[in-house]
């Protein structure tokens, strides 16, 4: 008798099997999204661990469209280590429906951050219409309310008194600097008083090459940030390394807020946006040297009675690289994430010299890479 | 002189070309997401236009994570025609930070809806912990505040006085009905008083076959809804028709709120969730007949001296279909969106009879499809 | 006792379930690839059915890398209706290992073509190094062996005596015409004798705008072909409509070899390669008019107290379109397959005029499209 | 004057820009496919380098559909290190059109292999209809012609005299062993005479758990091979690690043919097919230990006043893993390639013990993995 029931159960199960399978498919997808996160492959360099950060993010508490905790969730899914919540102080179009002060968005994100092991920075965007002063992010604040001030200078001063790191946002944003991306005395004044520490060389889908030159000349820290307002994957795609969220790579001694703070003040960053890298020469070069390596050393093969000399380069990272052989008028060599390329060269070649045409340490200066046999 | 400047400009442009290309790539991606939207291919049936709707959606104004306007934006991107904002009345965990009444989320979404040509329904979820009454959506309200009431029955009554359509949500949700999906006298009472009009046979990643039987027996309207709380593409993927957002397909005479209201009260819907369809036999069958057609009629070919008889079925829709030839013990025939399949049959075949094993008009009843030469 | 065995079987089944699921996943994928094929969405135009063809294909019997039957299989998977096998007559690098004449590759493909309902054309590529004569495809041959001749002119003459359609291949191929794509008297001579009927305006990843002008001026038929040598999906991707296999769209009265033959001799084709279309104005325009339609007619919405006028265009095809509003200095409007776009316009607008910048009916002439309220 | 020409050139360039972009897109895609190849991420284990191989491949010279050189090209694109060409000796349906002996396919592939740095093994499939003897691969032959023999035993004997490694193919293939996968005296005889060295535990989309038990008991080498006949990407997808080509992972001291030969004779392999791994316990466990590591050690977080204990596991490989916590009745934990998962556990937990349910060292035995704080 018992086995009859079993049989009936089996038949019933069979009858429902397809729709169950379907639910399983969805459950698996959701499980993966909810329980696991992507790792971004960027090899560390000697002496430093490389963290992935985004230091410019909005929520419903200014003019963003998502609740603060979702910013942490999204960062975790994409594989970031650190984010800053930087709602506008002066622009809060949803305030009619909100009961909040300038610290609320940070506080609402903080619980989730702890749970998800995301390092969370209390920040704010000091938001003035004209450049200068334009928009400035204050990072590592202890109380955002205290820095609200009609006078941008006083606002920054207050922030600095709290130990903040000050960042000039999107210096070439067309709404503010429509013609050219210009430097102003205001920023020199700030820097003289140690009240300006970094610049966004890239913001959202824009980049400002001249701002990289300023960072190098004036010893300011380089940033690439998303300035995201909508849900993150309405703009970017975690699985498309060519359309990833703009990031600031931070070279730290220790994965902690103090480790990041130190790295930012010391200028140890590289901006990564689209397929482009921008930063100070030394760190950027080290990063690339760990990412692109000779996998098959100089070797040769005979093809139709001709001896061909070649080597194989391997990209160990999730960064796209575009190389140009300095000895050739050739086309560019595209080396996507986690792929290898075979390069051929003349017999007498003693070294391979490449310009990395998507890695800038100045508006007109590209990293060069040399491989020897 | 002039041409010298031009040359210099050209050279400058060349030097920046790669990073510009990169920005173009991102700009194109963003342009497409912001300016264009997906069309969902579902052929209309004679006498009816088929609209795509989701009648169960949350925002930050209850326990959701996004601002109301983003729900409209997301619906537009995915190709929906109609959504209902249905925040919980009784469960508002963010209320400490909000200044709002129960109509606010609808009102904030309404502007965007007009702009995006999305039909927007003012709704609410009457939310009681135990089943019955459980959770009930009231759709087409004129004032949500007026229906707040500790007594679910009175709350529904108020809603019905406003002309609302009442929907029993996720009847088999494990938190509320852990063992089996059971019907209760409470719902019979509601229906007797014309205060219950539909049931979710599918909600999020769950589906409740027995609820489909109830809908058929009791003449209630079938729904499949997302019950989304997080940003929509954290759960679903617009480009994966197998993991699309659960939808209620509404068979209307006219694309308007009144057209939808009429269709819902008349029971003219089909639920589409994962790769599964569930609905009343007549509409569901008509939908499938327009979606899957004989593209190459009964024909024959000689292969290794044997005559093979075959036909080609074509799927004109974005719905996955899984067919089973009733005359065979064969495996299932999977016919994904916008693909064709060749089916072979014995010489003496006069018609092809298929069970559509992922299209249900009862918990144990599947739509059948017949093709003749 | 029996039910004990059953239980044991169940347990055993459970233990193996995961790996079985895995096999199912692969089986499903393989089933789909083997049993179903993609439909390419291109709406027919009044009076004509549009077939998808590729009239330039190689196999191992010349310098290709796959067996002839695989060319049919690949065409079927991608959703083509018609292909021509066109192995080189004069270049057969594998011949040391082959026992075959010039008809063998067609004959080996013919069985599969019948089975798969693919229309198969017996063709050959008359292959001379220099231009002229360069490479010429002869289509609709009855015996390829008969046309082998050191003199290209005599070879073509023989082909034409068999009723062949003659096509000049890749007129701008850099190996043959390194500097500019030039016309030669040889081709005028051929055409005068009715021995030249079409030109490839696109071949593989190249396109030759001037060849389109020749086709229009000289009333020659327009082709876009793959000239594929390797397995098809080593070069192209069926699921990426932007990187699909180059095709010649053939506007026929009847899906048959004679229907195609008639259409080719009458010049009723459009070339579709990458995201670009090229053809005679009338057919090309008709194709686009059926593909891109006004989905929401001229309407208006109020946004922040301003009245906005807009309409929605829908792309009903698998073709990418790039539009430019003739009244604006704006950026291009990208309208990908099966998506819709909302366009805004000033109040006084009486019609929308677009240049389709990726649809050419001359090297410098683009199709224009007008929509009225 | 000069600048006028320049201007004209610029305008001309602009007019063509879109279609050029399109060609660039295709050229980039083709460049990437032709010039770069995928790396498969599988970390080496202490003492061994892990090579990726496929030891069962057909070409047009038996019943395959592609030319031998394309097998090398495909292997290179996917990131394999080693392949064996193993055409059937007794089944050559295309022979009517071929002039070739049994060594031809290897020889035609050999040039390409040198160029692409793919290690190429001369092999053959001894093909008898019934089991036993069934189908046996002979690898590392010096002359395939010499081993052709109606008597399978004599054929194997000849192969072994050439130093060959002998592999029993697809022991559970339904056409040969329809009911159960059975062992036969014939194979015991072979092994006694040192004429049988390995078994395919997986072939194409099938796997035979009992064959893994045989390999362990009888000290035979484990294989997972594709047995591919069609172009490789008609069946498998390089970019979908869940539907990758079946592979035999070979644990070598040196990347060379002799290194591989040694490893095969010593049994140092693991089969990887779909999302499943099968092999000897020691190597398989070492492989998994290098692939899945504790990224965040045992730590804790406070959530709603409860202390949660958790750790993060990271998958450093391109292999899917499915884990089951031995202390729970929970669902499976899916850990896809290059993703991380957070696992929660009770306070008193001193170690995390997982069964890897898709990694088998016996038909009923799964690898176990332990992580300590």
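Observations on the structure shown:
- Rule-of-thumb Rg ratio for region A:181-299 [Cα; 2.2 N^0.38 Å; N residues]: 1.19
- Calculated label separations, residue D:91, copies of the chain, 7 Å along the beta-carbon direction, nm: 3.6, 5.9, 6.9
- Shielding of C:96-104 by partner chains, average beta-carbon count, 10 Å: 4
- Note that the protein assembly as shown shows a convex hull volume over its alpha carbon atoms of 203 Å³ per residue.
- Cα-Cα pairs of region B:70-209 separated by more than 18 Å (percent): 58
- Legend: calculated FRET efficiency, residue C:32 to residue B:327, from the Cβ-Cβ distance at R0 = 22 Å, rounded to 0.05, equals 0.45.
- Legend: ranking of residues A:195, A:182 from fewest to most surrounding C-beta atoms inside 10 Å; resulting order A:182, A:195.
- Using R0 = 30 Å, the C-beta based FRET efficiency linking residue D:194 and residue D:145 works out to 0.80.
- Copies compared at residue D:348 - label distances in nm, ascending, label defined 7 Å from Cα in the Cβ direction: 7.0, 7.8, 8.4
- The ranking of B:104, D:256, B:239 from fewest to most other beta carbons within 10 Å of each one's beta carbon is B:239, D:256, B:104.
- The order of C:301, C:230, A:201, going from fewest to most other C-beta atoms within 10 Å of their C-beta, is C:301, C:230, A:201.
- Grouping the Cα pair distances of region B:127-186 into 10 Å bins from zero gives a pair-distance distribution of 23, 50, 24, 3 percent in increasing distance order.
- A straight line joining the Cα centroids of region C:275-336 and region C:81-121 runs 42 Å.
- Histogram of C-alpha separations across region A:292-371, 5 Å bin width, %: 3, 14, 24, 26, 18, 9, 4, 1, 1, 0
- Inter-chain neighbour count for B:69-75: the average number of beta-carbon atoms from partner chains within 10 Å of each residue's beta-carbon is 3.
- Along its three principal directions, the equivalent ellipsoid of region C:219-373 from the Cα gyration tensor extends over semi-axes of 34, 18, 14 Å, largest first.
- Kirkwood hydrodynamic radius (C-alpha pairs) into Stokes-Einstein, region C:178-223, 4 °C and 1.567 mPa s, D in µm²/s: 117
- Its Cα gyration tensor gives chain D an equivalent ellipsoid, and the semi-axes of that ellipsoid, as √(5λ) in whole Å with the largest first, are 38, 37, 16.
- Structure-based [θ]222 nm, the protein assembly as shown - -39500 (n - 2.57) summed over DSSP H runs of at least 4, per residue, nearest 500: -9000 deg cm²/dmol
- Distances in nm from residue A:362 to the matching label points in the other copies, shortest first (labels 7 Å along Cα to Cβ): 5.0, 6.8, 8.1
All of the numbers you see were taken from the coordinates with simple rules; none came from a lab. Owing to the predicted nature of the structure, the values given are computational and were not obtained by experimental measurement. Positions of Cβ are generated from backbone atoms using ideal geometry, with glycine treated the same way; all protein chains shown enter the neighbour counts.
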